Amino acid sequence: MPEEKIVKSGTPGLDEIFAIRGFKPRSSILVSGEPGAGKSILALQFIYNGARLYGEAGVFVTSEQSVEKVRETARSVGMGLEQFEKNGLVTLLKVPVMKGGEMMPEELFRHIRRGDVKRAAIDSITPFEYLTSDMKDFRLKLLTFVEMITKENTTLLVTADKRKTDFDNVEFNYEDFLFDGLILMGRMRKAVSFERVLTVIKMRGTEHSSDLHPVEISEKGLIVRTLQEL
Ligand SMILES: Nc1ncnc2c1ncn2[C@@H]1O[C@H](COP(=O)(O)OP(=O)(O)O)[C@@H](O)[C@H]1O
Ligand SMILES: [Mg+2]
């Protein structure tokens, strides 16, 4: 079998954390962390860079913001999604969780079954969890969802909200075990200020750095630093 092409996030500094310089095709990655850590921007960049740098089609599913808000957020960090929505490489889907929207929207699967969607991002799965009283049902749905997407030719990045990210003492949830990869994002005290950081807890199929990597967000986007750079 020919070597499979690595799926690059295109986020500066992130792919270099992994020995294979990106994600394995058809892997599932959970990006978990506290509010404001940069999860949504990271997920957006995964889809945007897929289109812009690698010509790959992607679907971004939002359960939290309106599609227009997503475009706005993207714009504030230098990403113009509209051009790629027009040429079909980027699709934004809103799942109305409060109105009983499904974790697995039929529309997402229509896109994925077409076979040309290489990347999917779900931002975030947490509202689905909060709105069900049946955790067994939630877990089963999540498991089915991840399997259905990654058995197609799609690499899946999902965000989840953590109430607290204590890097010295991480508490793991059920969903943390379910994905091939787990990336944790949060803030750490640095003298009189806080610094955004990211660390990789696991990534099946590749070695990775175990450092706490500083994360910077500006109008140009989100970048990940390596300790050597500092
Ligand atoms: N243009 C920008 N310059 C600097 N920081 C920004 C910019 N746009 C957004 N941010 C920062 O990004 C944070 C939001 O990131 P986001 O990905 O939405 O976090 P999360 O999804 O983890 O809650 C905001 O708290 C804000 O501080
Ligand atoms: Mg978010």
Apportionment of accessible area to carbon and sulfur, the stretch 1-104, percent (1.4 Å): 53 percent
Taking the dipole of the stretch 124-230 about the Cα centre (Lys, Arg +1; Asp, Glu -1; charges at Cβ), the one of Met203, Asn153, Gly186 that reaches farthest to the positive side is Gly186
Which of the peptides 31-38, 78-85, 116-123 is most tightly packed, and how do the rest follow, going by the mean number of other Cβ atoms within 10 Å of each residue? 116-123, 31-38, 78-85
Ranked highest first by average number of other Cβ atoms within 10 Å, how do 10-16, 153-159, 217-223 line up? 153-159, 10-16, 217-223
Contact order relative to length of the chain, as percent, for alpha carbon pairs under 8 angstrom and 6 or more apart: 29 percent
State the Cα centre-to-centre distance between the stretch 42-67 and the stretch 149-194 in whole Å. 18 Å
Over 30 Å between C-alpha atoms is what I'm after, so list which of Lys190/Lys220; Lys141/Lys190; Lys164/Lys202; Lys86/Lys136; Lys5/Lys190; Lys5/Lys136 land there. Lys141/Lys190; Lys86/Lys136; Lys5/Lys190; Lys5/Lys136
Once neighbouring chains are kept in place and the probe is 1.4 Å, which whole percent of the accessible area of the stretch 105-148 is contributed by carbon and sulfur? 53 percent
Give me the net charge of Glu152's neighbourhood, meaning all other residues with Cβ under 11 Å from the Cβ of Glu152; Lys, Arg count +1, Asp, Glu -1. +3
Per residue, how large is the accessible surface of the chain? Use a 1.4 angstrom probe and give square angstrom. 50 Å²
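The values are calculated or read from the model by the stated rules, or taken from the named source; none is laboratory data. Bear in mind the structure is a predicted one, so any value in this text is a computation, not a measurement. Glycine also receives a Cβ, built like all others from the backbone with ideal geometry; neighbour counts cover every protein chain displayed. Just so you know, the surface numbers come from the protein's heavy atoms only, side chains and all, with ligands and any DNA or RNA stripped out. Shrake-Rupley method; radii C 1.70, N 1.55, O 1.52, S 1.80 Å.
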